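To start, the structure itself, in structure tokens.
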Amino acid sequence: MKKILTSFMLIVVLVLAACGSDASSEDSSEGEGSKEGPKRHAIVFKNTGNPFGEKLMEGFENAIEEMGDEAILRAPDSPSVEGQVQIIEELITQQVDSIVISGNDEDALEPVLKKAMDQGIKVVSTDSAVNADSRMVNVNQADPEGVGRVQVEAVAEMMDYEGEFAILSATSQATNQNLWIEWMEKELEDAKYEDIELVKVAYGDDLRDKSVSETEALLKSYPDLKAIVSPTTVGLAAASKVITDRDLGDDIKVTGLGLPSEMAEYIENGVSPWIYLWNPIDLGYLSGYAAHALVDGTINGDEGDSFEAGELGSYDVVESETAEGTEILLGEPFKFDSENIDEWKDVY
Ligand code: RAM
């Protein structure tokens, strides 16, 4: 009996082992299969609740879906490194094929993004670049020098080249805003701005309420303030609302980078005579095509690579002129004013 039982157990073990090996070979054939099937591409924005981020993700999703792949749209509730690290760890566990990141810090995401790349996940930064070791290529919205300089030219004109102005930025760690502010400061060195003083850089963290309270604090601390420049869509809309609500539009002008949909009313009421921005939907769309091209091997993120980005046409990977590593440049920012705002306010 003991012998029969032992043989029976041996058979059970052998059958289970066979099932196991069957299951694993099935797994690996599924793996092979999924390599040829739809890929999963993720985008991680700075934080939720930002209409710019929503448009960026919409463009990304459009690109990925028109290529027949799956798009995963993620963002932490607040613009923190910790929140993004947690999301990226989850995406690594899910074994997504690519991650597009708008970084809440240039360097702090490096360990988790390197971990992703070590596991074969293709990493692209966009909007707010991470350092060159943390990604394979950056999709750059526009030349940062031009973006910085044009905002100072605009605010100076609005202030008649005289008086105090402040900058209302996003978080103090945001690569994109910090780079634009560096260029604003360089532009201010020109003698034509000698009667203009930048009194403060405040941080609204791309949170609407904090941007409102930071604007109010600026008005209190600098009663002679003549203008606010906000290189963030969240800050620009918040500052414009405060100036409008307090009926200060004749004395204080607001400009910077804004979404036409959020800024139309302030362009129309004269608080913000004109603003700048690129198309966030196109930026997300181009990032989606770049991620897809990395995954299918069309590009490696090296200088000289080129790829087709759907309805946007063909793009080249080039050495970045303003940062380490390579980039794909979307184009020039647009200027929005009372002449053209109606055409754009329903688009983004
Ligand atoms: C905000 C975000 C985003 C930036 C735009 C201009 O929505 O900070 O990263 O690119 O403004």
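The values are calculated or read from the model by the stated rules, or taken from the named source; none is laboratory data. Computed from a predicted structure; not experimentally measured. With ideal geometry, Cβ positions are generated from the backbone for all residues, glycine too; neighbour counts draw on all protein chains shown. With ligands, DNA and RNA removed, areas are computed over all heavy atoms of the protein, side chains included. Shrake-Rupley method; radii C 1.70, N 1.55, O 1.52, S 1.80 Å.
With respect to the numbered conditions (1) touching a strand residue (DSSP E or B) at 6+ places or on another chain (Cβ under 9 Å); (2) of a type outside the set (Phe, Trp, Tyr); (3) within 16 Å of the ligand (Cβ to nearest atom), which one is the sole condition not fulfilled by Gly270?
With respect to (1) touching a strand residue (DSSP E or B) at 6+ places or on another chain (Cβ under 9 Å); (2) of a type outside the set (Phe, Trp, Tyr); (3) within 16 Å of the ligand (Cβ to nearest atom), Gly270 is out only on (3).
How many residues, within segment 161-181, are away from the ligand (no atom under 11 Å from the Cβ), open to solvent by less than 50 Å² (accessible area, probe 1.4 Å) and assigned to a loop (DSSP other than H, G, I, E, B)?
Residues meeting the conditions: 0.
Restricting attention to segment 243-258, which residues are open to solvent by 10 Å² or more (accessible area, probe 1.4 Å) and either part of a helix (DSSP H, G or I) or within 11 Å of the ligand (Cβ to nearest atom) (or both)?
Thr244, Asp245
Out of the residues in segment 149-160 that are farther than 12 Å from Tyr276 by Cβ and surrounded by fewer than 17 Cβ atoms within 10 Å (Cβ to Cβ), state the one that is nearest to the ligand (Cβ to nearest atom).
Glu157
When you scan segment 101-111, how many residues do you find that are out of contact with any Gly (no Cβ under 6 Å at 6 or more places or on another chain), open to solvent by less than 10 Å² (accessible area, probe 1.4 Å), among the aliphatic types (A, V, I, L, M) and not in a strand (DSSP E or B)?
0
If a residue has to be under 20 Å from the mean Cα position of the chain (by Cα) and surrounded by 17 or more Cβ atoms within 10 Å (Cβ to Cβ) to count, how many in segment 319-348 make the cut?
Of the residues in that region, 10 qualify.
Against the definition (within 19 Å of Val318 (Cα to Cα), open to solvent by 10 Å² or more (accessible area, probe 1.4 Å) and within 16 Å of the ligand (Cβ to nearest atom)), how does Gly146 come out, yes or no?
yes
Scan segment 214-237 for residues that are within 11 Å of the ligand (Cβ to nearest atom) and in a helix (DSSP H, G or I) and jot them down.
In the first step, residues of segment 214-237 are kept if they are within 11 Å of the ligand (Cβ to nearest atom); the result is 230-237.
Residues satisfying the conditions are Thr233, Val234, Gly235, Leu236, Ala237.
Is there a residue in segment 305-318 that is open to solvent by less than 40 Å² (accessible area, probe 1.4 Å), of a type outside the set (Ser, Thr, Tyr) and free of Cβ contacts under 8 Å to residues at least 12 places away in the same chain?
Looking through segment 305-318, at least one residue is open to solvent by less than 40 Å² (accessible area, probe 1.4 Å), of a type outside the set (Ser, Thr, Tyr) and free of Cβ contacts under 8 Å to residues at least 12 places away in the same chain.
Can you tell me which residue is farthest from Val234 (Cα to Cα) among those in segment 35-67 that are assigned to a loop (DSSP other than H, G, I, E, B) and open to solvent by less than 50 Å² (accessible area, probe 1.4 Å)?
Gly37
Would you check which residues across segment 126-167 are under 18 Å from the mean Cα position of the chain (by Cα) and more than 19 Å from Pro333 (Cα to Cα) and list them?
Within segment 126-167, Val130, Asn131, Ala132, Asp133, Ser134, Arg135, Met136, Val137 qualify.
For segment 211-238, name all the residues that are touching a strand residue (DSSP E or B) at 6+ places or on another chain (Cβ under 8 Å) and open to solvent by 70 Å² or more (accessible area, probe 1.4 Å).
Within segment 211-238, Ser221, Asp224 meet the criteria.
Looking at Tyr315, Tyr285, Tyr289, Tyr348, which one is of a type in the set (Ser, Thr, Tyr) and outside the structural domain of Val44 (by TED's automatic domain parsing)? If you could, list the steps in order and put the result at the bottom.
On the way: Tyr315 fails: outside the structural domain of Val44 (by TED's automatic domain parsing); Tyr285 fails: outside the structural domain of Val44 (by TED's automatic domain parsing); Tyr289 fails: outside the structural domain of Val44 (by TED's automatic domain parsing).
Result of the check over Tyr315, Tyr285, Tyr289, Tyr348: Tyr348.
Could you tell me how many of the residues in segment 114-151 are part of a helix (DSSP H, G or I) and more than 26 Å from Ile181 (Cα to Cα)? Break it down stepwise before answering.
So the first thing to find is which residues in segment 114-151 are part of a helix (DSSP H, G or I), and the list is 114-118, 132-134, 144-151.
Then keep just the ones that are more than 26 Å from Ile181 (Cα to Cα); that gives 114-118.
Matching residues across segment 114-151 total 5.
Which residue pairs have Cβ atoms under 8 Å apart, sit 6 or more places apart or on different chains, and have a first residue in segment 271-294 that is more than 27 Å from Ile121 (Cβ to Cβ) and a second that is within 16 Å of the ligand (Cβ to nearest atom) and among the basic types (Lys, Arg)?
Every condition considered, the pairs that remain are Trp274/Lys335; Ile275/Lys335; Tyr276/Lys335.
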